[in-house]
Every structure is written in structure tokens, then in C-alpha cells.
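I have placed the structure first, in the form of C-alpha cells, so that the comments after it can refer back to it.
The values are calculated or read from the model by the stated rules, or taken from the named source; none is laboratory data. This structure is a prediction, so every number in the text was calculated from the model and none was measured. Don't worry about glycine lacking a Cβ; one is built from the backbone with ideal geometry, like all the others, and counts go over all protein chains shown. Accessible surface areas use protein heavy atoms only, side chains included; no ligands, DNA or RNA. Shrake-Rupley method; radii C 1.70, N 1.55, O 1.52, S 1.80 Å.
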Amino acid sequence: MNQRVGCLRNIEEITARYLNYVLKSNTILESVFEQETGTANQANIGADVVRNIMIPFPPIEEQQHIVEKLDRILNLRIELIDETKKAENLSSKIMKNLFKNVL
């Protein structure tokens, strides 16, 4: 589109959510950023680098299965984070009450 913005178009044989997960994966990101140019504060990724990204390309059914599993895992992660925060808050309240009783 211009020198700083690009557009990735989805093809029918790959689902958008699968592509989103793949492009955000550490494997893809590491391979892309190994080829970046510019400074640390203004890194650039050329069009050739983007064109040459190797994307795993399973059948649609497998892509959907992968997306469903990743969605479940990410939802569980969110639930665990929420439960951890609740436990930390409860622990903090208990400690405050213990200190009040000690003093």
C-alpha cells in the first residue's frame, strides 16, 4: 500500500483465524524479525520478506480444528489469569487482616 503499510489478503484455502494465529506465532515472528532492517526503534520489514513467509498449510478441516483448540487453550489461560488475580487479592486481604490482629 505504501512504504510503511501493507495488506495481506486471505485466500479461500486458508481461514482468517488460522492465518491470524500462524502470523502471530513465535516461529513466524522470529523468522520475519531476523530479516528486519532499520534501527531498534524503527524496524522495517520489506515486502520480499513478507512474500517469502513459509506458512503451514493444512486442509481447511485441520485449520478449523487447530483454531478450536487454540481458542480453548487461550480461554483457559484467561480463566487461569482471572483466578490467579482473585487468589492474590484474597491472599492480600487475609494478610492485612492477620497484621491487624497481630498489632
Regression test value, accessible area per residue of the chain, probe 1.4 Å, units Å², expected 87 Å²
Expected output is a single nm value to one decimal: the length gained when fully extending between E62 and I28, i.e. 0.36 nm times separation in residues minus the C-alpha distance. What is it?
10.3 nm
For Cα extents along the principal axes in Å the list reads (1) 79, 38, 25; (2) 63, 33, 29; (3) 67, 41, 21; the calculated value is entry (3)
Can you send over the carbon and sulfur percentage of the accessible area for the chain, probe radius 1.4 Å, protein chains only?
56 percent
Ranked highest first by the average count of other Cβ atoms within 10 Å around their residues, in what order do 62-72, 78-88 fall?
62-72, 78-88
Which lysines have a Cα less than 26 Å from the Cα of K93, not counting those fewer than 8 places away in the same chain?
K85
Calculate for the chain the 222 nm mean residue ellipticity that helices alone would give, adding -39,500 (n - 2.57) per DSSP H run of length 4 or more and normalising by residue count, nearest 500 deg cm²/dmol.
-20500 deg cm²/dmol
Net charge, E13 excluded, C-beta distance under 13 Å - Lys, Arg +1, Asp, Glu -1:
-2
